[in-house]
Amino acid sequence: MVFKKLNIPLSPSKTIGPVTSLEYLGIILDTDAFEARIPVDKINRMCNLIHQLSRKKRCTKRELLQLIGHFNFATRIIIPGRSFLSYLFHVSCSVDELHYHVRLGKEARIDLSMWEEFLMHWNGRSLFLESSLITNVDLCLFTDAAGSYGYGGIFGSKWFSGNWDDDFIRLAHHKRNIPLLELMPIVISAVLWGANWSRRRIIFYCDNQALVYILNKRRSSNSIIMMFIRRLTLLSLKYNFHLMALHIAGATNGIADAISRQQWARFRSVTVCTKRLQFSLYSSSSFNFIKKLTRRYWLLSLAPSTRRAYATGLRVFQQFLFFSSIKRLLHQCFDEQTIQHFISYCVGVLHIRSSSIRSYLAAIRYYCLMIGRTDPLRRSNGTWNFSVSTLLKTAEKFNSQSQHHRLPICSKLLSRISHKLNGSFFGIYWDSLLRASLCCAFYGFLRLGEFTVNKFNASRNLTLSDMHINRNSATFLLKRSKTDRCNYGVYIRYYRTNNCLCPINHLHTYIKHRSKLFGHLSSNSSPLFIMPTGRTLTRTEFVKRLREVISSFGINSPLYSGHSLRIGAASTAAKAGLPIYLIKILGRWSLEAYRRYISVSSSTISNAFVLMSKI
């Protein structure tokens, strides 16, 4: 009526109201609930983009800016998250063109993991913050840290105090991280009392100028400080408060100063607080310590390769949710029907092999159990879900024509390769390195990742100290392997064979050439197998050169891989008549998996027909 009296034209299709809930620029504003909301599909889209980038070491500038754009949209209602866009902006500005690649360093991936941790448990709602500012004095909130005593804080009638851990205080003083000591009680206060600060804009008075700058910018060049800043930011996102800092003189912070110095007479003279909170630096009630420790142990139960495979499975599942326009949070999507649709999506849309689908389902099952949900692949009585197992059988039928079989490298082919590597194919050093590694892999039934490595770690990978060799035998210590789940270590034994494949002879030859070329790298902690460049023998280089040798015989080399040696060793052992139990021991198989490694030739089957016909 007002607009009509004023002769102001209105378009009915563009006019809404009066209402208490309105979508404005993609954000839903609700004046009844006093909250702003982001649609769930946008949250899932951000989670999907984070999953894609956080697993990469490099990405294009276009991909990074796409994610930053989503973050920038979200920070309209997630105010503390703005500070964690600055470093990503800095990374994106390192190149000019959109198709150029930028490097996602450790700091960038940690920032992405912080966003991921928050978004996975966020319901998309944020309460309106109060328009007025409130100081920590108004809240009766004070914290302080004394470098030689401890730390403390007070909030109304509640307070806490504690002594520094010796290692922690030594680290802070060694790195001159005085702001870290001042930051600690602030984070502890947010853990203990953050729920009482909901919707507040709090100005925190602090007597350390450096910490004031860090709190306002939410950035620091110190990785330890950033660990606590991220925790503080996650708490402010969880409890929906916004924290700022203002510098004051230390003399005006007498209450918290008395607590941190444990001057109890002085403390009682300035306050009448009666309730002390029992708290220690590493208390489970503060940082959800036990919860994080449990999650860490869950992840440590998996091998690194399995963790990567499970991460891929969850990422594909989130892509499926986005593809199917399922507007629910991840932990709400593990029902039986959604799992069935996911299997159909993998088979019909992505054309993924059934073995990969089983790996993805294992990732979903593992994630459900880790967050405390029931197993989505089993019934309540423990039996397998019939519908899921039926669809998996269908997937196997679809993929039966596309199976890729690796051919074995048996002793006969390995002998030809060994004769070819006589010092003139790749050079004396390369040939001696390949012959030693090939023969050790063959007779030791080694997996490719057990003697080749992309990033060397002396505590995990083969070193010189792990090899003990004499005239007639040698021993390798595999510190970590697939079936050694507790990392006790497994000894691989080699013995002289006095033929062209003798691992003892080839190891002696390789060690002699290695000592001549890398005398300075012959320490006990140096890698066992080193390329002429000084780098550890990598999987890619090993397979590439192995295929080059095989190609020189006129054989189709792509049918062979590094795992062909393990397959060939099992097949050769079976052909030689070794008992099954011994094959399982040599190959370190705990179940019946060894059966698929034994390749049976057509001549063996033909002989079987002859033998059967004579009975």
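FYI, it's all coordinate maths here, none of it is from the lab. No experiment lies behind these values; they were computed from the predicted model shown. When we count neighbours, we look across all protein chains shown, and the Cβ atoms used for this are built from the backbone with ideal geometry, even at glycine.
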Note on region 293-402: alpha-carbon gyration tensor, axes a ≥ b ≥ c; rule is a/c under 1.5 for rounded, else prolate if a/b larger than b/c, else oblate; result rounded
Below 15 angstrom from the Cβ of Leu392, what's the summed charge of the other residues (Lys, Arg +1; Asp, Glu -1)?
+4
Inverse mean reciprocal Cα-Cα distance (Kirkwood Rh) of region 39-127, Å:
13.2
Going highest first, how would you order 216-226, 548-558, 408-418 by mean Cβ packing within 10 Å?
408-418, 216-226, 548-558
So for each of 384-391, 336-343, 227-234 I average, over its residues, the number of other beta carbons within 10 Å; can you give me the resulting order with the highest mean first?
227-234, 336-343, 384-391
Compactness relative to 2.2 N^0.38 Å, alpha carbon Rg of region 411-597
0.99
